[in-house]
Amino acid sequence: MKKAIVMGATSGIGLEVARLLGIRITDIRPGFVATDLIAGSNFPLQLSAERVADSIVKAVLRGKETVTIDWRYRLLVAAWAMIPRWLWTRLRFVK
């Protein structure tokens, strides 16, 4: 599922419907998790799966609606948002 669809479902109408049904939704933004999926890549700020899992459990138990696991990732995403699309499509992150 595309991230935009998931993020859309966890905001606005999606959250309202969830509240009416008694469902709590937590939008987890883990960044890059060091797993086999991205092994051998040069993605920045890779976090261990254990750290991410621990943070997810804490966020859900605290009833958070949105949580970004690492504050550095939040800054990185903000910087990436300033990169023009034409340049972004030419960048290579995977070997």
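Throughout, read-outs are computed from the coordinates displayed, never taken from laboratory work. The structure presented is a predicted model; accordingly, all values stated were derived computationally and were not measured. As a convention, Cβ positions derive from the backbone with ideal geometry for all residues, glycine included, and neighbour counts pool all protein chains shown.
Below is a table of values for the structure above.
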| item | result |
| --- | --- |
| Difference of contour (0.36 nm per residue) and Cα-Cα distance, LEU87 to ARG24 | 18.9 nm |
| Gap separating the Cα centres of the stretch 21-40 and the stretch 46-88, nearest whole Å | 9 |
| Per-residue HN-Hα couplings for the stretch 61-71 [Karplus 6.51, -1.76, 1.60; θ = phi - 60°; Hz; x = Gly/Pro] | 5, 7, x, 5, 7, 9, 9, 9, 4, 10, 4 |
| Cα convex hull volume per residue for the stretch 18-68 (Å³) | 81 |
| Simple label model, 7 Å out from Cα along Cβ direction - ALA78 to LYS58, nm | 2.1 |
| ASP27 long-range amide H proximity, modeled H, under 5 Å | THR66, VAL67 |
